[in-house]
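Shown next, in structure tokens, is the structure this report addresses.
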Amino acid sequence: MTIFAIEPRQIGIIAAKEFRDRIRNRWVLAVTIVFTAFALVIAYFGAAQQGAIGFRSIEVTIASLVSLVIYLVPLIALILGFDAIVGERERGSLELLLSMPLTRFELLLGKFLGLSAALACSTVVGFGLVGLLLGFKLPPEAWYHYAGFILSSVLLGMAFLSLAVTVSVFATDRARASGGAIALWFFFVLVYDLLLLGTLVVSGGAVAADAFPYLLLLNPADVFRILNIFGLNDVRTLYGLTTVFPERLASPGLLGAVMLAWIAAPLGLATWRFRQ
């Protein structure tokens, strides 16, 4: 059976099991509460540094929530998926799963989809509850932008979950997998942008200036940030990226395709490795 001759039913069974496991151990509930609590606090106190408290506008709310999501969602996704495969191997259950009538690709994809469903459920419900609480203050057009923010948050989580699954396939034990996951979080969330900005400053803009916008696309966290910056004028004024990132590259369709590539590419690499 090739990677293309897949059985959707087999994938669905694995995905449903992964999702039910996260429901039973209350992982989904815990993360939903975390998202809801942080989002509520940020929605009402996000503008405190400007001397204002309380909900101001959807633009300011999204600008504040973007910073929360960039730090929190990748970390949760990496923690959720780092032992998807290596954990089964250490528990001795991987051989049992592979003895069943399903391919390695079906097993990997099923696990990824089940974990993605759990993460997406927590993200949508957590931020959606805040949207409902603020709904009476939101104009109709604001719902469009807020829904786009939630969707992009789900895609960001799936991108880092794909990276986590890849780490889980390559790692030889859970300790190395967890270390690799944390290293990825530090690199993409904390280090990557500092390296780019440091290169620009040290070189006086002579190095990587033209390539800077394209280099930002090599970081899913930056893709998420740009997606939510360029959609609202008030949000764009809060960030300096609009001066270095051309508007022609800020198309939601293009950035959405890049985010989908960030989901598919690591998963493809994990599939290749897992089949070896």
Checklist outcome for this item: So residue 96 and residue 194, fully extended at 0.36 nm per residue minus their Cα-Cα distance, gain in nm 30.8 nm
Item to check | Cβ-derived FRET efficiency at R0 41 Å, residue 276 paired with residue 201, nearest 0.05 | outcome: 0.45
Item to check | Distance in nm between pseudo-label sites at residue 67 and residue 147 (7 Å out along the Cβ direction from Cα) | outcome: 2.9
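Using 0.36 nm times the number of residues separating residue 16 and residue 187, minus their current alpha carbon distance, what extension gain do you get? List each step's numbers first, then the result.
Working: separation 171, 0.36 × 171 = 61.56 nm, distance 3.18 nm.
Result: 58.4 nm gained on full extension.
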Checklist entry - Ordered by residue, what ³J(HN,Hα) values in Hz, to whole numbers, does segment 105-120 give under the Karplus form 6.51 cos²θ - 1.76 cosθ + 1.60, where θ = phi - 60° and Gly and Pro are x? => result 5, 5, 5, 5, 5, x, 5, 4, 5, x, 5, 4, 5, 5, 5, 5
Item to check | Estimated distance in nm for a label pair at residue 215 and residue 40, the labels positioned 7 Å out from Cα along Cα-to-Cβ | outcome: 4.2
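What chymotrypsin sites (Phe, Trp or Tyr not before Pro) does segment 67-135 have in DSSP loop regions with at most 13 other beta carbons within 10 Å?
Taking segment 67-135 and a limit of 13 other Cβ atoms within 10 Å, no loop chymotrypsin sites (Phe, Trp or Tyr not before Pro) are found.
Read-outs: derived from the displayed coordinates by stated rules, not from any lab. What you are looking at is a predicted structure, and each value in this text was computed from that prediction instead of being measured. So basically every Cβ, Gly included, is an ideal-geometry build from the backbone, and we count neighbours across all protein chains shown.
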